[in-house]
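Asks: Take a look at this one; I'll ask things after.
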Amino acid sequence: MALNGDKLILSRQEGDFKTYRYDTLDLIATVEGAGYFTNTSGATIWGDVQVLLEAGDAIEVHVWDTTIRTGTFLEKKVYRVSNVLNRVCTIVQADASLVIGPGSTVTQITNRSTGVTINSLSGQITTDDTSLAAGAQALFSVNNSKVEANDVVMLSIAGGQTAGTTFPYVHTVVAGAFAILLSNLSSTTADTGAMVINFVVLKGASS
């Protein structure tokens with residue numbers, strides 16, 4: 001079933017292209033399940049602005065948990081209108097780098113190889129401070145329900161190392177998880193600090 005254009009809110013316009021906002025509680029059922037909007041003749045929002053989507057227009061879909069706008073914001077996905085035919089506007093997911101959501105934090109326990117769970121598109125992971133010997137490595141899994149197999153995970157170091165010679169690398173990415181490899185590049189000094197790692201998940205596609 002098509003989504004009605006009169007539920008859109010015009011948020012900004014740049015030249016001939018417009019960006020609309022659409023709020024929903026269920027992204028898959030209400031947006032991705034439909035895949036298109038219907039231009040609504042005569043519908044107006046914010047004064048005299050008529051909702052008539054055109055190819056190239058963007059739709060920012062805001063997803064909430066239980067109550068639109070006043071509940072907990074979960075994530076935002078950006079779509080573009082790829083085709084308009086007989087008032088039916090087909091949409092495709094676009095601008096993967098703009099997919100955002102609230103961040104979160106998690107602290108590793110037991111040792112540097114212990115897996116953690118953090119279900120957000122961005123956040124901070126604090127590792128355990130068990131000594132990582134010179135030249136040693138430790139691999140741990142990050143369970144994350146937001147991650148899909150085609151996504152790209154980026155890491156940066158916020159601090160915490162004692163020697164400044166340990167670096168995190170993304171080892172693998174699969175649906176529901178990614179793995180981080182910690183590598184101490186020093187040939188003489190162990191790292192006994194709890195590293196703080198920033199991460200962000202960029203939504204990707206293979207076709």
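Asks: Got a number for residues in region 56-88 being buried (at least 18 other Cβ atoms within 10 Å of the Cβ) and of a type in the set (Val, Ile, Thr)?
Replies: Result for region 56-88: 6.
Asks: Let me ask something additional. Being modelled with pLDDT under 95, outside any strand (DSSP E or B) and within 15 Å of the chain's Cα centre (by Cα), is that true of even one residue in region 154-163?
Replies: no
Asks: To continue, here is another question. When region 115-146 is examined, which residues are found to be farther than 29 Å from Asp65 by Cβ and polar (S, T, N, Q)?
Replies: Answer for region 115-146, where residues must be farther than 29 Å from Asp65 by Cβ and polar (S, T, N, Q): Thr127, Thr130, Ser131, Gln137.
Asks: For the condition under 26 Å from the mean Cα position of the chain (by Cα), surrounded by 16 or more Cβ atoms within 10 Å (Cβ to Cβ) and touching a residue at least 40 places away in the same chain (Cβ under 8 Å), what is the one hit in Ala190, Ala179?
Replies: Values: Ala190 fails: under 26 Å from the mean Cα position of the chain (by Cα).
One residue alone meets the criteria, Ala179.
Asks: Any residue at all in region 89-111 that is modelled with pLDDT of 95 or more, farther than 30 Å from Trp64 by Cα and surrounded by 14 or more Cβ atoms within 10 Å (Cβ to Cβ)?
Replies: yes
Asks: Do we have Ile197 as farther than 23 Å from Glu75 by Cα and not in a loop (DSSP other than H, G, I, E, B) here?
Replies: No; evaluated as a whole, the condition is false for this residue.
The values are calculated or read from the model by the stated rules, or taken from the named source; none is laboratory data. All values derive from a computational prediction rather than experimental measurement. Cβ: placed from backbone, ideal geometry, glycine included. Neighbour counts: every protein chain shown.
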